[in-house]
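Trainee: The structure is given below, and queries will be raised subsequently.
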Amino acid sequence: MRTGEYKLNLIREKTFLSHAVVKMVIDAPNVARKRKAGQFIVLMTDEKGERIPLTIVDSDKENGTITIIFQIVGKTTTCLSEMKEGESLYSVLGPLGQPTDIEQFGTVVCIGGGVGIGVVYPITKALKEAGNRVISIIGARTKDILILEDEMAQISDELLIATDDGSYGFHGFVSDVLQKLIDMGEKIDRVVAIGPVPMMRVVCDVTKQYNVKTIVSLNPIMVDATGMCGACRVSVGGCTKFACVDGPEFDGHEVDFDLLTSRLRMYYTQEKEAMENFRCECHD
Amino acid sequence: MTEAKKKKEKIPRQAMPEQDPEIRRSNFEEVPLGYTAETAMLEAKRCIQCKKPTCMNGCPVDVDIPGFIKLVAEGEYLEAARKIKETNSLPAVCGRVCPQESQCEATCVLGKKGDPVAIGRLERFVADYERKSGQILLPDVSPSTGKRVAVVGSGPAGLTVAGDLIKLGHAVTIFEGLHESGGVLVYGIPEFRLPKLIVAAEVGYLMKLGVTVVTDAVIGRVKTIDDLFAEGFDAIFLGVGAGAPVFMNIPGENLNGIYSANEYLTRSNLMKAYRFPEYDTPIAQGKNVGVIGGGNVTMDSARTALRLGADNVYVIYRRTEVEMPARVEEVHHAREEGVQFILLTNPVEYLGDENGRVKGVKCIRMELGEPDESGRRRPIPIKGSEFVIDVDMVVVAIGTNANPVIPNTTPGLKTNKWGYIVADEETGKTSRDGVYAGGDIVTGSATVILAAGAGKKAAKAIDEYLKSK
Ligand SMILES: Cc1cc2nc3c(=O)[nH]c(=O)nc-3n(C[C@H](O)[C@H](O)[C@H](O)COP(=O)(O)OP(=O)(O)OC[C@H]3O[C@@H](n4cnc5c(N)ncnc54)[C@H](O)[C@@H]3O)c2cc1C
Ligand SMILES: Cc1cc2nc3c(=O)[nH]c(=O)nc-3n(C[C@H](O)[C@H](O)[C@H](O)COP(=O)(O)OP(=O)(O)OC[C@H]3O[C@@H](n4cnc5c(N)ncnc54)[C@H](O)[C@@H]3O)c2cc1C
Ligand code: SF4
Ligand code: FES
């Protein structure tokens, strides 16, 4: 049974940031009012859809909108990318998760890889506003899919770019750029690293050697995202945590990345089947 | 009298027609098919209309049992439904899921010598009759009082509070965290025991009475209790259930293929994963499934696994069948469908394959010792008795805890050491003025009817509170 009041969920704007990454501005006044950096929503495109978590990249309290940026990876994100401005999502729930720990730490390096740049953006902005000196490192496989360069430049004291194929910026990984910063004698008080699991793992390997506290944002599979099911369990410091209510951010040096990787693969076969069967009947 | 009594007792307790176990173990349709009007009337005639009906002592919400049964015997089915609804707002649900064998039917006098009257089946019959007739009578709603009540959670407790308060003229808004209303009735109890259509009808009925239902609204996150007061709500009822899953914290428990019962049942029931790929949410289809625990939730998970195509489903329970908290009917149905019971056994570790998927559960045999605080004999592990059961999927169904979201975001709201909200048993009053609570969030996991009963009491207290303000 559903009603109108919170059911606006109207797509105001839709922009392709690259061929596989979409930005959307959605009407969600209650989420916009409450959200803090680091929090996320769960949405459903239609009644038969899956509940998927997406980070709140930005919000506009006045207009009652939130911004999401997502990569097209499977059925739900494809379906979402095919929805049009003026259409409404079936369900939007948020803000969920613990907000980022924002303080004045000194010099903070914010690292975003791929669509993770969207996730690290609001955190970078909040850290900058809290008076930190912010060095951002963003990276992508290749130049064409690098997102939010201008936006990140505006909120960083320094912006460094890396591409895997060398088509733009530094030729290599974001972790290599971080290593160079450290080698150059940059004194870093904290690192926030968000992106594909292998990227976060490598960054943590680097920072561990220098004992620099490193925050990562974990993206396990979620269902309710309210602490009710335990689908999102991750292991941090040897303890099981529910990423949706205890996280999604954790101390990267304590995270069991192998477990995360393995749990993300749990439905590989079914996800493929869903994609193969896919005809976008989701928003008629 | 004695003549009449003898004659009536000759009618045997009417059997419930059911789907054949071989067929039903592979579909999600309801198992018991329901009485026909003829069998209902026959069954109703068995009731001897006791002057001091003992059945009612067993009913937590004081349904006028002989009263409604008399109406059934007379063929006044709609009247009978209305009679029940005077005190129980969810008869179609309760007729299906209440543990009648330990409530009204346990105390029915006929049960002393033979079989008690099938009160639950009659309750279900009249509620279904009313719903199918389309002649659901809307009760008189008192003139508006101008007061506003927020009900947090749409399980049986919240639905009951909402129904009672709207009739008294208060404006009621239900805030539900999920995208569907009904609480455990939609996300927990499977379709084959409680069709979701019935829950939707109950919620629809409340909306017809004027209740506003707001889904996707996790209170504590979207808005806090204090925000709700600031928005102008005069009183708040918390019926948020005991929704946090419990794991055993044994090695290997995070392997792929190991679910909490909440996740497994939510995927299947709320997200309709049993209809994948028509619905998008996937669910593991284990061939050899272990379900840990011995309650209703365990049976529901086990029977769901069978229906999703398992060859072997093992219920693994650390005590014996006698101590199992599940309803007798559920255990019986599960066994008929082919669920296997491995009793006096407890998991100690899960074993995984090279891809991080569960492939076995190492268990230890148990024996029963002295009774513990619950009165049940305490299970004690037998040293050196470990053995491995091959499984490719596991559901952990050993209970739930309170979800801390509301207590953590509501200053001054008292909880006990387990995190349940402290509320007065008779009124549901909490430590915060104008805030009431009831159902599983106060008692810990209990039953639908106890949650509904707590809702009744709280509604009465809230009404008095609003009038005194
Ligand atoms: C707290 C949180 C915040 C997130 N924020 C963003 C964001 O801002 N932008 C964004 O693009 N993505 C984000 N994600 C990931 C996003 O939820 C998934 O990409 C999405 O659920 C995939 O759904 P699908 O049906 O399109 O793909 P599926 O077909 O379900 O899966 C396709 C592939 O994606 C992987 N996958 C499945 N579920 C998830 C998941 N929950 N997280 C990560 N990978 C998954 C699978 O391993 C699979 O290989 C976030 C995840 C979490 C938990
Ligand atoms: C699988 C299963 C089988 C069962 N079988 C039976 C049975 O056969 N017979 C029986 O009598 N009982 C049974 N029970 C128990 C019974 O369902 C519960 O005791 C009853 O539903 C409790 O009702 P409630 O209203 O307290 O809470 P719930 O039904 O748990 O509803 C609480 C609701 O509150 C919502 N909520 C939680 N937090 C928030 C928040 N912060 N903001 C907004 N909404 C929130 C939840 O999403 C949920 O919808 C079963 C339980 C389960 C899990
Ligand atoms: S105790 Fe049994 S026989 Fe007596 S009134 Fe109740 S249902 Fe009828
Ligand atoms: S997603 Fe269900 S508990 Fe986190």
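Trainee: Quickly run through region B:304-333 and pick out the residues that are part of a helix (DSSP H, G or I), buried (at least 16 other Cβ atoms within 10 Å of the Cβ) and of a type in the set (A, V, I, L, M).
Mentor: Correct list: B:A305, B:L306, B:V331.
Trainee: Taking region B:412-438, which residues are in contact (Cβ under 8 Å) with a residue 40 or more places away in the chain and either within 16 Å of ligand 4 (Cβ to nearest atom) or not in a strand (DSSP E or B) (or both)?
Mentor: B:L413, B:Y420, B:G428, B:T430, B:R432, B:G434, B:G438
Trainee: For region B:175-203, give me each residue that is over 13 Å from the mean Cα position of the chain (by Cα), more than 9 Å from ligand 2 (Cβ to nearest atom), at the interface with another protein chain (Cβ under 10 Å from one of its Cβ atoms) and open to solvent by less than 20 Å² (accessible area, probe 1.4 Å).
Mentor: Across region B:175-203, the qualifying residues are B:H179, B:V203.
Trainee: Let me ask you something else. Quick one: would you say A:M275 is away from ligand 3 (no atom under 16 Å from the Cβ), farther than 17 Å from A:L54 by Cα, touching a strand residue (DSSP E or B) at 6+ places or on another chain (Cβ under 9 Å) and open to solvent by 20 Å² or more (accessible area, probe 1.4 Å)?
Mentor: no
Trainee: Residues of region B:54-75 being free of Cβ contacts under 8 Å to residues at least 24 places away in the same chain and under 26 Å from B:E425 (Cα atoms), which ones?
Mentor: B:D64
Trainee: I'd like to verify a number: residues in region B:347-363 that are without any contact (Cβ under 8 Å) to a residue 40 or more places away in the chain and buried (at least 19 other Cβ atoms within 10 Å of the Cβ), how many?
Mentor: Adding up the residues that qualify gives 1.
Trainee: Checking the conditions here, which among B:G232, B:G295 is open to solvent by 10 Å² or more (accessible area, probe 1.4 Å), modelled with pLDDT under 95 and within 11 Å of ligand 2 (Cβ to nearest atom)?
Mentor: B:G295 is the lone residue from the list that is open to solvent by 10 Å² or more (accessible area, probe 1.4 Å), modelled with pLDDT under 95 and within 11 Å of ligand 2 (Cβ to nearest atom).
Trainee: Quickly run through region B:246-262 and pick out the residues that are within 7 Å of chain A (Cβ to nearest Cβ) and surrounded by 24 or more Cβ atoms within 10 Å (Cβ to Cβ).
Mentor: Hits for region B:246-262 are B:S260, B:N262.
Trainee: Mind checking whether some residue in region A:96-119 is in contact (Cβ under 8 Å) with a residue 24 or more places away in the chain, assigned to a loop (DSSP other than H, G, I, E, B), more than 12 Å from chain B (Cβ to nearest Cβ) and touching a Ser or Thr at 6+ places or on another chain (Cβ under 7 Å)?
Mentor: Checked against the condition, which is being in contact (Cβ under 8 Å) with a residue 24 or more places away in the chain, assigned to a loop (DSSP other than H, G, I, E, B), more than 12 Å from chain B (Cβ to nearest Cβ) and touching a Ser or Thr at 6+ places or on another chain (Cβ under 7 Å), region A:96-119 yields no hits at all.
Residues are listed down the side, and each one gets a yes or a no for (1) under 14 Å from the mean Cα position of the chain (by Cα); (2) within 16 Å of ligand 2 (Cβ to nearest atom); (3) within 11 Å of chain B (Cβ to nearest Cβ); (4) at pLDDT below 90:
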residue: A:T3; (1), (2), (3), (4): no, yes, yes, yes
residue: A:N9; (1), (2), (3), (4): no, no, yes, no
residue: A:R12; (1), (2), (3), (4): no, no, no, no
residue: A:D27; (1), (2), (3), (4): no, no, no, no
residue: A:K34; (1), (2), (3), (4): no, yes, yes, no
residue: A:Q39; (1), (2), (3), (4): yes, yes, yes, no
residue: A:I52; (1), (2), (3), (4): yes, no, yes, no
residue: A:V57; (1), (2), (3), (4): yes, no, no, no
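Trainee: What number goes with the only condition from (1) under 25 Å from A:F250 (Cα atoms); (2) surrounded by fewer than 20 Cβ atoms within 10 Å (Cβ to Cβ); (3) modelled with pLDDT of 90 or more that A:E149 does not pass?
Mentor: (1)
Yes/no matrix, rows are residues, columns are (1) touching a helix residue (DSSP H, G or I) at 6+ places or on another chain (Cβ under 9 Å); (2) within 16 Å of ligand 4 (Cβ to nearest atom); (3) on the phi > 0 side of the Ramachandran plot; (4) without any contact (Cβ under 8 Å) to a residue 12 or more places away in the chain:
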position	(1), (2), (3), (4)
B:H179	yes, yes, no, no
B:I189	yes, no, no, no
B:L206	yes, no, no, no
B:V218	yes, yes, no, no
B:V246	no, yes, no, no
B:N269	yes, yes, no, no
B:A273	yes, yes, no, yes
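Trainee: Any chance you could count how many residues in region B:263-292 are closer than 20 Å to B:V361 by Cα, outside any loop (DSSP other than H, G, I, E, B) and either hydroxyl-bearing (S, T, Y) or open to solvent by 10 Å² or more (accessible area, probe 1.4 Å) (or both)?
Mentor: Number of matching residues: 2.
The values are calculated or read from the model by the stated rules, or taken from the named source; none is laboratory data. Quick caveat, the model's predicted, so the values are computed rather than measured. As a convention, Cβ positions derive from the backbone with ideal geometry for all residues, glycine included, and neighbour counts pool all protein chains shown. Note: areas computed on protein heavy atoms with side chains; ligands, DNA, RNA excluded. Shrake-Rupley method; radii C 1.70, N 1.55, O 1.52, S 1.80 Å.
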